[in-house]
Amino acid sequence: MKSPYVPRGTHMNDFSFSMPTQVVFGRGVTARTGAELASRGYAHALVVYGQGSVVRTGTLGRVLASLDAAGVAHTEFGGARPNPSLAHARDGIALAREAAADVVLAVGGGSAIDTAKGIALGVPYEGDVWDLYTHAAAPVADGKLPVACVLTIPAAGSEASASSVLTDDETLLKKGLSTELNRPVVALMDPELTFTLPAYQTAAGVTDICAHILERFFSTSGPVPVTDELDCGLIRSLLDMAPRAIEDPEDYDARANIMWAGTLAHNDLAGCGRGVNGGRAGGWESHGMEHELSAHDPSIAHGAGLAVIMPAWMRYVWRSNPERFLTLGARAFDIEPVDVVEDCIDATPEEAVEDAVLAAIDELQAFFCSLGMPRTLGELGVTADDIPALLETLELNKGAEFGQLQRLTMDDARKIYESAL
Ligand code: NZQ
Ligand code: ZN
């Protein structure tokens with residue numbers, strides 16, 4: 001007897017998808033940064049970057065030289081930390097106004113790009129930019145600065161996403177702001193810039209990319225074959241490419257495929273037809289629970305937190321929709337439930353499904369761990385004593401109940417955190 005959870009029908013929901021970001025991809029494209037900005041009429045760039053990797057690798061120097069060559073003036077604003085802070089973005093807003101910048105150019109990863117996005121939206125807003133993240137005020141297009149980026153780490157997908165995530169260190173609230181206004185106008189993506197990534201950051205990035213695909217894949221909607229195949233195909237490519245990039249950091253094709261996967265994972269293509277009421281697909285449960293970890297301890301890489309939380313969430317909720325998990329298992333990992341009758345197995349079909357689902361989750365977690373990601377919260381320095389504080393900010397961010405595949409209360413969230421200790 002075959003699985004009792006054969007997908008029934010297909011369910012293409014309505015959606016609106018736009019990819020306004022111009023992607024300029026390939027070896028050496030960093031040198032075209034100035035020309036790309038000048039061709040759009042920008043005259044003064046606020047150049048936002050992180051804590052020094054782009055200085056050490058020479059990327060910043062090449063970007064500034066290209067701006068000079070194209071006649072684009074620039075003001076530097078470094079120091080965005082991983083899991084960037086609201087206070088730093090506020091400083092950037094003041095500097096952008098003072099310099100009369102007409103474009104914000106991020107050189108780095110999600111942290112630099114999200115800081116740039118916060119600055120770009122904050123410049124025309126008279127109040128505190130945090131109002132936009134708390135939804136006390138709506139972002140406005142009028143006077144908003146355009147954002148451009150030179151990507152140095154495939155991970156957050158911010159180079160083409162509608163999101164920006166900042167942390168208020170005073171309240172420990174990490175909040176995302178999603179608006180189409182956030183999409184960068186141009187993303188320069190040179191895979192060679194990622195050769196210098198430490199293995200841990202490569203792995204955290206790949207994990208985040210997988211999570212962006214899977215948060216969308218695990219929506220409540222039924223099968224959407226085109227999107228499902230796209231999602232599982234991206235995961236399969238990452239399963240192939242990530243070990244190659246860890247083994248040989250200068251494997252161009254591995255780096256290039258991971259970089260492109262990172263963009264496709266989070267520009268919303270990976271969720272088309274799976275969103276409810278035209279919204280973004282999925283309930284983003286793992287991201288919600290991870291953001292509390294990296295807000296309380298910014299030294300936790302977002303991807304590393306996800307490597308622990310996502311499998312724990314999956315094991316907690318899979319019974320709400322076994323079909324989805326079986327599809328992932330079959331399409332990404334070649335894992336299918338055994339046919340208990342045909343193969344004369346002493347088990348029920350339901351037990352065979354459970355075995356297949358849990359095997360698929362184990363495979364996914366084993367993949368993250370094989371790249372060097374942690375398996376437990378303990379490895380991230382998080383203990384049982386920390387959980388009440390995580391739940392407190394989680395509730396402030398998400399409300400008493402959250403999630404889509406299965407609604408989760410704070411008690412459910414506590415159990416998921418505890419299961420990952
Ligand atoms: O700060 P520097 O010195 O530049 O070093 C960075 C940082 O330590 C380093 N790095 C980046 N490129 C490098 C490099 N080191 C050597 N060579 C290179 N080529 O890597 C570290 C991580 O960089 P970061 O920008 O923090 O990484 P990521 O892109 O993962 O961004 C993480 C942030 O993005 C948010 C996360 O929550 C977190 O705050 N997210 C943003 C999203 C969005 N805007 O759409 C969605 C995501 O789900 C995520 O929440
Ligand atoms: Zn993420």
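The values are calculated or read from the model by the stated rules, or taken from the named source; none is laboratory data. Since the structure is predicted, the reported quantities are computational estimates derived from the model, not experimental observations. Methodologically, a virtual Cβ is constructed for each residue, glycine included, from the backbone with ideal geometry; neighbour enumeration extends over all protein chains shown. Only protein heavy atoms, including side chains, enter the accessible area calculation; ligands, DNA and RNA are left aside. Shrake-Rupley method; radii C 1.70, N 1.55, O 1.52, S 1.80 Å.
Within segment 37-54, the residues that satisfy the criterion of being open to solvent by 30 Å² or more (accessible area, probe 1.4 Å) and over 21 Å from the mean Cα position of the chain (by Cα) are 38, 39, 40, 41, 42, 43, 44.
So that you can scan it fast, the table gives a plain yes or no per residue for (1) within 18 Å of the chain's Cα centre (by Cα); (2) more than 8 Å from ligand 1 (Cβ to nearest atom); (3) within 24 Å of residue 281 (Cα to Cα); (4) hydroxyl-bearing (Ser, Thr, Tyr):
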{"position": "153", "(1), (2), (3), (4)": "yes, no, no, no"}
{"position": "169", "(1), (2), (3), (4)": "no, yes, no, no"}
{"position": "172", "(1), (2), (3), (4)": "no, yes, no, no"}
{"position": "179", "(1), (2), (3), (4)": "yes, yes, yes, yes"}
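Any residue in segment 158-165 that is away from ligand 1 (no atom under 15 Å from the Cβ), part of a loop (DSSP other than H, G, I, E, B), open to solvent by less than 30 Å² (accessible area, probe 1.4 Å) and touching a residue at least 60 places away in the same chain (Cβ under 8 Å)? Within segment 158-165 (the criterion being away from ligand 1 (no atom under 15 Å from the Cβ), part of a loop (DSSP other than H, G, I, E, B), open to solvent by less than 30 Å² (accessible area, probe 1.4 Å) and touching a residue at least 60 places away in the same chain (Cβ under 8 Å)), the answer is no, since none of the residues qualifies.
Within segment 52-95, being in contact (Cβ under 8 Å) with a residue 40 or more places away in the chain and among the polar types (S, T, N, Q) holds for 53, 57, 59, 83, 85. One residue stands out among those in segment 201-214 that are touching a residue at least 60 places away in the same chain (Cβ under 8 Å), over 14 Å from residue 259 (Cβ atoms) and more than 9 Å from ligand 1 (Cβ to nearest atom): the one that is surrounded by the fewest Cβ atoms within 10 Å (Cβ to Cβ), which is 214. Are any residues in segment 116-133 touching a strand residue (DSSP E or B) at 6+ places or on another chain (Cβ under 7 Å) and either open to solvent by 10 Å² or more (accessible area, probe 1.4 Å) or more than 16 Å from ligand 2 (Cβ to nearest atom) (or both), and if so, which ones? Answer for segment 116-133, where residues must be touching a strand residue (DSSP E or B) at 6+ places or on another chain (Cβ under 7 Å) and either open to solvent by 10 Å² or more (accessible area, probe 1.4 Å) or more than 16 Å from ligand 2 (Cβ to nearest atom) (or both): 116, 118, 119, 120, 130, 132, 133. Taking the criterion of being farther than 15 Å from residue 285 by Cβ and out of contact with any helix residue (DSSP H, G or I) (no Cβ under 7 Å at 6 or more places or on another chain), the residues of segment 305-338 that qualify are 323, 330, 334.
Against the test of being touching a strand residue (DSSP E or B) at 6+ places or on another chain (Cβ under 7 Å) and within 14 Å of ligand 2 (Cβ to nearest atom), the options 160, 155 yield a single qualifying residue, 160. Taken together, 141, 89, 137 contain a single residue that is farther than 23 Å from residue 265 by Cβ, open to solvent by 40 Å² or more (accessible area, probe 1.4 Å) and either within 16 Å of ligand 2 (Cβ to nearest atom) or under 25 Å from the mean Cα position of the chain (by Cα) (or both), which is 141.
One residue stands out in segment 375-410 among those that are open to solvent by 20 Å² or more (accessible area, probe 1.4 Å), small (Gly, Ala, Ser) and outside any helix (DSSP H, G or I): the one that is nearest to residue 168 (Cα to Cα), namely 399. Do you know which of the residues in segment 297-320 that are assigned to a helix (DSSP H, G or I) and open to solvent by 40 Å² or more (accessible area, probe 1.4 Å) is farthest from ligand 2 (Cβ to nearest atom)? Per the stated criteria, the residue is 319. Considering (1) more than 16 Å from ligand 2 (Cβ to nearest atom); (2) open to solvent by 40 Å² or more (accessible area, probe 1.4 Å); (3) in a loop (DSSP other than H, G, I, E, B); (4) of a type outside the set (Gly, Ala, Ser), the lone condition that residue 280 does not fulfil carries the number (1). Being crowded, with 21+ Cβ neighbours inside 10 Å and either modelled with pLDDT of 95 or more or of a type in the set (D, E, K, R) (or both): is that true of residue 190 here? Judged against the criteria, residue 190 is a match.
Out of 220, 227, one residue alone is open to solvent by 40 Å² or more (accessible area, probe 1.4 Å) and more than 10 Å from ligand 1 (Cβ to nearest atom). It is 220. Within segment 96-128, being touching a residue at least 40 places away in the same chain (Cβ under 8 Å), away from ligand 1 (no atom under 12 Å from the Cβ) and not in a helix (DSSP H, G or I) holds for 100, 101, 102, 103, 104, 105.
Hey, could you check segment 166-218 for residues that are of a type in the set (Asp, Glu) and part of a helix (DSSP H, G or I) and say which is nearest to ligand 2 (Cβ to nearest atom)? Residue satisfying both the conditions and the ranking: 208.
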